[in-house]
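What follows is one structure encoded as structure tokens, with my remarks underneath.
Nothing in this text is a laboratory measurement; each read-out follows from the coordinates by a stated rule. Everything quoted here is computed from the prediction, not taken from an experiment. Ideal geometry is used to build each Cβ from the backbone, glycine not excepted, and the neighbour counts take in all protein chains shown.
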Amino acid sequence: MAHSTSSKPRAIWLITGGAMQHPAAERIKSRGYALIMSDGSAECALRSMADEFLHVDIFDVPKNIATADELKKRYDIRAVFTAASDCHETVAHVARHLGLPGIDPAISHVCRYKYETRALYSKAGIPQPKFTTVKTHEEAVAALRSIGTPAALKATNNAGSRGFARINSEKDLTPEVFAHAIANGTTGVAIIEELLIPIDGEIAEQSVETLWHDGKMYWLNWTDRMFRGDMKLFANFDANAYKNLPWAVEIGHLNPAVHSVEATAAVQKMCEAAGRALGMDKQKGGHVLKHDIMLTSAGPYILESTPRLSGGWDSGGSTPMRGADFVDGAIEMALGTPLSAEAFYTYFVYKYPQTYVAMLSEIP
């Protein structure tokens, strides 16, 4: 991508400044770019790393676009980027507004709102749980009676299981539980859906990272996501540290995921179909698409998709330990660099593929 010979400092704008964005901030600085950082918290973890810090809601698209118009007066902004944060729709809109490489905002929008993703995938023939959206507790109860139990209650556009509740019977769907789901989204609606039953005897949830470049999907990696219930699979592990955690809180991962060749092939095929349903095959340039997966006795299901690198310290933590650097590679794609064989090997190929990394959170 051609750039002007501006006398303004070259900059990359990192939207979100939490601890999981540290690898991205570090790489932006090491590349010699000024680091513009914006976050909804004035005391975010990485504020001190920023050359310019902006206290702005990361989900407020109009406010961020207005901010972009001010920033471009002082900086030669070369890329807008995030990793491990669900502000990807803001990133897409700001990049388009500035004429920079980025994914179609319509794709980011569908991915941000889980019910839109569910509807799109269902239409494309990609297996999805039965679901519906509800605005009131009364609607939720009626939906539950139609879908049946066990069911899941979810916020429409949040991550990290915020707003999630497992509903085993109608008495579990209290007004308070419903209000919690609504409060953890921004749409005023919640999702009631069929609860998927994970396979037994192996870790059932995975995080998959793929790279799409000029319409072609490249499988990068998948990790096994570990939750409290998975600790029973490890005979010598003391799970007492996690006994008071909710079941849906992720506590660590294994990189790479360990499953059969058949399961891997099925997930790869499903992820490519999902990317095509979203329109990734029509995008120019390089873009990451991550999927959270559940393996069930009926086959794999996509729980959610998002056009950004993973959180949970896999892309920014355990992947570098295995000799790849997805974060720096994704920054390279955000700068509009074509994906050469050399670039793919440098950033996206594991130099130590025989290495397995286990990462666990310490929770006070």
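Of Thr319, Gly148, Leu335, which is farthest along the charge dipole of the chain in the positive direction, counting Lys and Arg as +1 and Asp and Glu as -1 at C-beta? Of Thr319, Gly148, Leu335, it is Leu335.
Rg ratio for the stretch 205-356: its Cα radius of gyration over 2.2 N^0.38 Å, N being its residue count, equals 1.08.
The order of Val80, Val249, going from fewest to most other C-beta atoms within 10 Å of their C-beta, is Val249, Val80. Which aspartates and glutamates have a Cα less than 17 Å from the Cα of Lys29, not counting those fewer than 8 places away in the same chain? Correct list for Lys29: Asp51, Glu52, Asp76, Asp325, Asp328, Glu332. For the stretch 94-114 and the stretch 183-219, what is the separation of their Cα centres, given in Å? Each part's Cα centre sits 19 Å from the other's. In sequence order, the stretch 149-158 has phi-based couplings of 10, x, 9, 10, 10, 9, 5, 7, 8, 9 Hz under the Karplus curve 6.51 cos²θ - 1.76 cosθ + 1.60, θ = phi - 60°, and Gly or Pro positions carry x.
Under 5 Å between amide hydrogens, built in the peptide plane, is the criterion, and for Asp76 it picks out Arg10, Ala11 among residues at least 5 positions away or on other chains. For the chain, the relative contact order works out to 16 percent when only alpha carbon pairs closer than 8 Å and six or more residues apart are counted. Using a Gaussian network for the chain with springs between C-alpha atoms less than 10 Å apart, which of these wobbles most: Asp57, Asp172, Asp104? Of Asp57, Asp172, Asp104, the Gaussian network model singles out Asp172 as fluctuating most.
Only DSSP H runs of four or more residues enter the estimate; each adds -39500 (n - 2.57), and after division by the residues of the chain the mean residue ellipticity at 222 nm equals -8500 deg cm²/dmol. For the stretch 268-364, trypsin sites (Lys or Arg not before Pro) meeting the loop criterion (DSSP other than H, G, I, E, B) and having at most 16 other Cβ atoms within 10 Å: Lys284, Lys351.
Rounded to the nearest 5, the antiparallel percentage of DSSP beta bridges internal to the chain is 75%.
Within 12 Å, Cβ to Cβ, of Gly316, how many net charges do the neighbouring residues add up to if Lys/Arg are +1 and Asp/Glu are -1?
On the way: positive: Arg27, Arg308; negative: Glu26, Glu209, Asp314, Asp325, Asp328.
Counting the neighbours of Gly316, the net charge comes to -3.
From the square roots a ≥ b ≥ c of the eigenvalues of the alpha-carbon gyration tensor of the stretch 39-184, which class results: rounded (a/c under 1.5), prolate (a/b over b/c), or oblate? Prolate is the answer for the stretch 39-184, as a/c is 1.5 or above and a/b outweighs b/c.
Just check the stretch 10-100 against the gyration tensor rule for me: Cα atoms, a ≥ b ≥ c as the square roots of the eigenvalues, rounded for a/c under 1.5, and otherwise prolate or oblate depending on whether a/b exceeds b/c.
rounded
Please list, by residue number, every one of the GluC sites (Glu not before Pro) in the stretch 43-137 that is coil in DSSP and has at most 15 other beta-carbon atoms within 10 Å. In loop regions of the stretch 43-137 (DSSP not H, G, I, E or B), the sparsely surrounded GluC sites (Glu not before Pro) are Glu43.
Once you mark the chymotrypsin sites (Phe, Trp or Tyr not before Pro) that are in a DSSP loop and have at most 12 other Cβ atoms within 10 Å, what is the longest gap between them in the chain? Spell out each step's value before the answer.
Details: sites that count: Phe234, Trp247.
Segment 1-233 is the longest.
Comparing Gly229, Gly252, Gly311 in a Gaussian network model of the chain where C-alpha atoms under 10 Å apart are linked, the largest mean-square fluctuation is found at Gly229. Counting Cα-Cα pairs of the chain in 10 Å increments starting at 0 gives whole-percent bin shares of 5, 23, 33, 26, 10, 2, 0. Beyond 29 Å in Cα-Cα separation lie the following of the pairs Lys154/Lys216; Lys73/Lys216; Lys114/Lys269; Lys130/Lys171; Lys290/Lys351: Lys154/Lys216; Lys73/Lys216. As a calculated quantity, the FRET efficiency between Val349 and Ala265 at R0 = 30 Å, using C-beta atoms, amounts to about 0.90.
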